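Reviewing the structure listed below.
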Amino acid sequence: MVRRIQPEPFRIKMVEPVSIPDAAQREEALKTGHFNMFGLRGEDVYIDLLTDSGTGAMSKYQWAALMKGDEAYAGATSFYALKEAVKDVLGFDYVIPCHQGRAAENVTFGSLAKPGDKIPFNMPFDTTRAHIFNVGAEPVDCVIDEAFDPECRHPFKGNVDIPKLEKAIATYGDKIPLIMVTITNNSGGGQPVSLENLRQVSAVAKKHKIPLFLDAARMAENAYFIKVREEACKSLSVAQILRACMDCADAITVSAKKDPLVNIGGLVCTRTEDLYYRILPRVILCEGFATYGGLAGRDLECLAQGLREMVDEQYLAHRVAQVAYLGDLLEEGGVPFVKPAGGHAIFIDAAAFLPHIPQKYYPADVLAVEVYREGAIRGIGLGALAFATKDEATGETVYPKLELFRLAINRRTYTNSHMEYVAQSIVDVYKRRDRIRYGLEVGFAPAAKGLHHFLAHLHPVQF
């Protein structure tokens, strides 16, 4: 029995009309977009769950903040409003704005990593991996084994396996410029990391004198999960828990297009002046001056406000509950997905949904095509197409352990009735899953390690 969900903690003040393209229009859109969800136009989609990055709705306070934007090239008052918000909410003294999260990754890895380096993670996401590959380094997964079992209901499946981390450090030694933990763990199903685990990782990093970074795009959702799942933290506020998480780290990278509730923006925040100045020159080279980093003053103001709003517990309770509600509806329909439900998305287990489609034919992306066909709903495959690699010694393809189809829920954007429509559409696809008798092959993809899935031209093949 699906539990009743609390209503949205907001009123709708402006509407954006959308319509459902008919079946013929959807089929034409698939062909024009080369059966790649990134190739669809926004107008081709009714409910767009491709990503939760930059797709949410800003509050009236953020829209008001736009008018306070100081567009000075250097030393804008809007930068100092952001700096104050970072200090108040996150506790970091040194703030580098960037235009989005992958820019923060670019300046961080481009400044600190070099060819041959190894960077331990729980699990990095696709663009994070690509930035590491781009500088000639490699990520090392150190996530707990439970992360690879979609049916396992471990409350913190994003946790770092400490023995794996210690082994990586013992193996690679001075080739490790930093350790990074993604909160929540997007690649593993939007799963949180416990405060206890972060403190353990921090202790290991300090023991070996290695800087600890957090990929903190979804840090408020992670803090909320800690509050409701970690017994020692139940009496703390989300804001207090978030500060405790940040206290574990030497620095963070942030896509502000996620939890900080803006449509564009990113951050690198450091605890020391030394680390700040090691990263800052690349920001000026690639993004803009130190006090704007590729953002307009009005964007800095909206981000400052969003950092304060993201720890609102009424908002977070609904946010996490809405994602869980979609999961409950899918579970009622028998649809397999990563459990428990993540903070920002439902990750359907495409390997279990379409077990008759070999992984080399990209079942997660086949599922994306079929869900779009069914209801003009756009999600994204996060399986072999995005994460498969080549073994350099043998030339054989190494497939990821998880073959997932992600439905990322935009913040403060869709209603609970939209979730019901999404669930029913996917359940309808599930009921006809045995009749899906094709796979996908890549006809064209640029030679960009870790990024080809964004631009790949796919075509259906019978097998």
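The values are calculated or read from the model by the stated rules, or taken from the named source; none is laboratory data. Since the model is a prediction, treat every value here as computed from it, not as a measurement. Note that we place each Cβ from the backbone using ideal geometry, even for glycine, and neighbour counts take in every protein chain shown. Note: accessible area is taken over every heavy atom of the protein model, side chains too, but ligands, DNA and RNA are not part of it. Shrake-Rupley method; radii C 1.70, N 1.55, O 1.52, S 1.80 Å.
Considering (1) surrounded by fewer than 21 Cβ atoms within 10 Å (Cβ to Cβ); (2) more than 13 Å from residue 96 (Cα to Cα); (3) not polar (S, T, N, Q), say which one residue 311 fails and leave the rest.
Among (1) surrounded by fewer than 21 Cβ atoms within 10 Å (Cβ to Cβ); (2) more than 13 Å from residue 96 (Cα to Cα); (3) not polar (S, T, N, Q), residue 311 violates only (1).
Quickly run through the stretch 205-225 and pick out the residues that are more than 15 Å from residue 165 (Cβ to Cβ), among the aliphatic types (A, V, I, L, M) and over 13 Å from the mean Cα position of the chain (by Cα).
Applying the first criterion (more than 15 Å from residue 165 (Cβ to Cβ)) to the stretch 205-225 yields 215-225.
Among the residues that remain, those that are also among the aliphatic types (A, V, I, L, M) are: 216-217, 219-220, 223.
Hit for the stretch 205-225 is 223, nothing else.
Give the stretch 260-302 a look and list any residue that's closer than 25 Å to residue 124 by Cβ and part of a loop (DSSP other than H, G, I, E, B), or say none.
260, 261, 262, 263, 264, 265, 271, 272, 287, 293, 294, 295 - these are the residues of the stretch 260-302 that are closer than 25 Å to residue 124 by Cβ and part of a loop (DSSP other than H, G, I, E, B).
Scan (1) over 20 Å from residue 258 (Cβ atoms); (2) touching a helix residue (DSSP H, G or I) at 6+ places or on another chain (Cβ under 8 Å) for the single condition residue 328 breaks and write down its number.
(2)
Limited to the stretch 415-445, what total is found for residues that are farther than 18 Å from residue 381 by Cα and either open to solvent by 30 Å² or more (accessible area, probe 1.4 Å) or small (Gly, Ala, Ser) (or both)?
Qualifying residue count, the stretch 415-445: 11.
From the set of residues in the stretch 57-85 that are crowded, with 20+ Cβ neighbours inside 10 Å and within 17 Å of residue 99 (Cβ to Cβ), which is farthest from the chain's Cα centre (by Cα)?
76
Out of (1) over 27 Å from residue 323 (Cβ atoms); (2) touching a Phe, Trp or Tyr at 6+ places or on another chain (Cβ under 6 Å); (3) at pLDDT below 95; (4) open to solvent by less than 60 Å² (accessible area, probe 1.4 Å), the odd one out for residue 456 is which?
(2)
Anything in the stretch 34-53 that is within 22 Å of residue 319 (Cα to Cα) and of a type in the set (Asp, Glu)? List them, or say none.
48, 52 - these are the residues of the stretch 34-53 that are within 22 Å of residue 319 (Cα to Cα) and of a type in the set (Asp, Glu).
Just to verify a result, which residue in the stretch 228-259, among those that are part of a helix (DSSP H, G or I) and under 17 Å from residue 185 (Cα atoms), is most open to solvent (accessible area, probe 1.4 Å)?
229
Restricting to the stretch 135-151, what's the tally of residues that are open to solvent by less than 30 Å² (accessible area, probe 1.4 Å) and either touching a His at 6+ places or on another chain (Cβ under 6 Å) or closer than 10 Å to residue 188 by Cα (or both)?
3
In the stretch 122-134, how many are assigned to a loop (DSSP other than H, G, I, E, B) and open to solvent by 30 Å² or more (accessible area, probe 1.4 Å)?
Summing the residues that are assigned to a loop (DSSP other than H, G, I, E, B) and open to solvent by 30 Å² or more (accessible area, probe 1.4 Å) in the stretch 122-134 gives 1.
Identify the single condition in (1) under 19 Å from residue 425 (Cα atoms); (2) in contact with a strand residue (DSSP E or B) (Cβ under 6 Å, 6 or more places away or on another chain) that residue 357 does not satisfy, given that it satisfies every other one.
With (1) under 19 Å from residue 425 (Cα atoms); (2) in contact with a strand residue (DSSP E or B) (Cβ under 6 Å, 6 or more places away or on another chain) applied to residue 357, the lone miss is (1).
Look at the stretch 383-407 and say how many of its residues are outside any loop (DSSP other than H, G, I, E, B), surrounded by 24 or more Cβ atoms within 10 Å (Cβ to Cβ) and either charged (D, E, K, R) or on the phi > 0 side of the Ramachandran plot (or both).
Within the stretch 383-407, residues that are outside any loop (DSSP other than H, G, I, E, B), surrounded by 24 or more Cβ atoms within 10 Å (Cβ to Cβ) and either charged (D, E, K, R) or on the phi > 0 side of the Ramachandran plot (or both) number 1.
Does residue 425 qualify as being more than 25 Å from residue 355 (Cα to Cα), of a type in the set (S, T, N, Q), modelled with pLDDT of 90 or more and assigned to a helix (DSSP H, G or I)?
no
Of the numbered conditions (1) touching a helix residue (DSSP H, G or I) at 6+ places or on another chain (Cβ under 6 Å); (2) buried (at least 23 other Cβ atoms within 10 Å of the Cβ), residue 118 satisfies every one except a single condition; which is it?
Residue 118 satisfies every listed condition except (2).
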